[in-house]
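**Student:** Once you've had a glance at the structure underneath, I'll fire off some questions.
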Amino acid sequence: MDIVHPAIERYLSRLAQVDDEPVVLEMEELAREKGFPIINRLCGQLLEVVARTAGARRIFEMGSGFGYSAYWFSRATGPGGEIHLTDTDPDNERMALEFLGRAGLGGPIQYHVGDAFQALERTSGEFDIVYCDIDKGDYPRAWDEGRKRVRIGGLYVCDNMLWSGRVTGEVEEDDRGWTDAIGATNRAIFEDPDWRSTIVPLRDGVVVAVRVR
């Protein structure tokens, strides 16, 4: 299912070429070569915009890969920020630090190699943004744990919340239970009285929720 009409997607992608920076292009090419699932350019720009709007200085990522989403967040926080990245693969840490360093955006980065939930538990304090892009079966737990760590006025942001349309019940589901997990997470976020939420239908759907109390 095309979340965005292909003509609109092409138009938005042409506008996004303003950010054709060498490191961004390298990271996108690496993702294509490896078949590695990153957020795309349009979602990256969304992350930067919401982070700047929230005045974010402290961000925790649950699932970071080789640093593509962190690239956009670090453009918003600047060198005075603090961005925690998580991934189980030390090669991703190496690549992320190299990419972000060459882009002049490595200053705020702290990379935790290992389980995202354990890293969150070990990292004290509240965050301006908690961002989630881990295995989809863990999305309910990520919301339960992540929402408790966001300050009032801060954001919980999560990718793949439309899941190629499977959450609608009108597209064939997968066999891993991930569709049910994402659907349950969407309901939990939208029904939480302490949060106001929306899903931006870019790429695979990005939920943006703000804590109001």
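The values are calculated or read from the model by the stated rules, or taken from the named source; none is laboratory data. Quantities reported herein were computed from a predicted structural model and do not represent experimental measurements. Cβ coordinates were reconstructed from backbone atoms using ideal geometry, including for glycine residues, and neighbour counts include every protein chain displayed. Each accessible area value is taken on the protein alone, full model and side chains, heavy atoms only, with ligands, DNA and RNA left out. Shrake-Rupley method; radii C 1.70, N 1.55, O 1.52, S 1.80 Å.
**Student:** Every residue in segment 23-48 that is in contact (Cβ under 8 Å) with a residue 40 or more places away in the chain and open to solvent by 80 Å² or more (accessible area, probe 1.4 Å), please.
**Tutor:** Within segment 23-48, just Glu26 meets the criteria.
**Student:** So the check is Cβ under 9 Å with 6+ separation or different chains; which pairs have a first residue in segment 118-129 that's under 17 Å from Gly81 (Cα atoms) and at pLDDT 95 or above and a second one that's open to solvent by 90 Å² or more (accessible area, probe 1.4 Å) and in a loop (DSSP other than H, G, I, E, B)?
**Tutor:** Asp128/Arg57
**Student:** So Glu172 ticks every box in (1) modelled with pLDDT of 95 or more; (2) out of contact with any Leu (no Cβ under 7 Å at 6 or more places or on another chain) but one. Which box is left unticked?
**Tutor:** Of everything listed in (1) modelled with pLDDT of 95 or more; (2) out of contact with any Leu (no Cβ under 7 Å at 6 or more places or on another chain), Glu172 misses just condition (1).
**Student:** Would you please name the residue that is modelled with the highest pLDDT, looking only at residues in segment 71-86 that are over 28 Å from Val4 (Cα atoms) and open to solvent by 40 Å² or more (accessible area, probe 1.4 Å)?
**Tutor:** Of everything passing the filter in segment 71-86, Glu82 is modelled with the highest pLDDT.
**Student:** Please state which of the following conditions Phe190 fails to meet, knowing it meets all the rest: (1) more than 27 Å from Asn92 (Cα to Cα); (2) assigned to a loop (DSSP other than H, G, I, E, B).
**Tutor:** It is condition (2) that Phe190 fails.
**Student:** Another question about this same structure. What is the residue count in segment 136-162 for residues that are open to solvent by 10 Å² or more (accessible area, probe 1.4 Å), closer than 11 Å to Met62 by Cα and touching a residue at least 40 places away in the same chain (Cβ under 8 Å)?
**Tutor:** 1
**Student:** Also, quick follow-up: Quick one: Ala16 ticks every box in (1) in contact with a helix residue (DSSP H, G or I) (Cβ under 6 Å, 6 or more places away or on another chain); (2) more than 20 Å from Tyr156 (Cβ to Cβ); (3) surrounded by 20 or more Cβ atoms within 10 Å (Cβ to Cβ) bar one, so which box is it?
**Tutor:** So the condition that Ala16 fails would be (3).
**Student:** Could you please give the count of residues in segment 49-70 that are buried (at least 18 other Cβ atoms within 10 Å of the Cβ) and assigned to a helix (DSSP H, G or I)?
**Tutor:** Residues meeting the conditions: 5.
**Student:** Here is a follow-up. Scan segment 95-117 and tell me whether some residue there is open to solvent by 10 Å² or more (accessible area, probe 1.4 Å) and among the β-branched types (Val, Ile, Thr).
**Tutor:** Yes, the conditions are met somewhere in segment 95-117.
**Student:** Which ranges mark the strands (runs of 3 or more DSSP E) fully within segment 107-187 that have 1 or more residues being farther than 15 Å from Ala209 by Cβ?
**Tutor:** Filter on segment 107-187 gives 109-113.
**Student:** For Phe190, which of the numbered conditions (1) more than 22 Å from Ala51 (Cα to Cα); (2) surrounded by fewer than 17 Cβ atoms within 10 Å (Cβ to Cβ) fails to hold?
**Tutor:** Unmet condition: (1).
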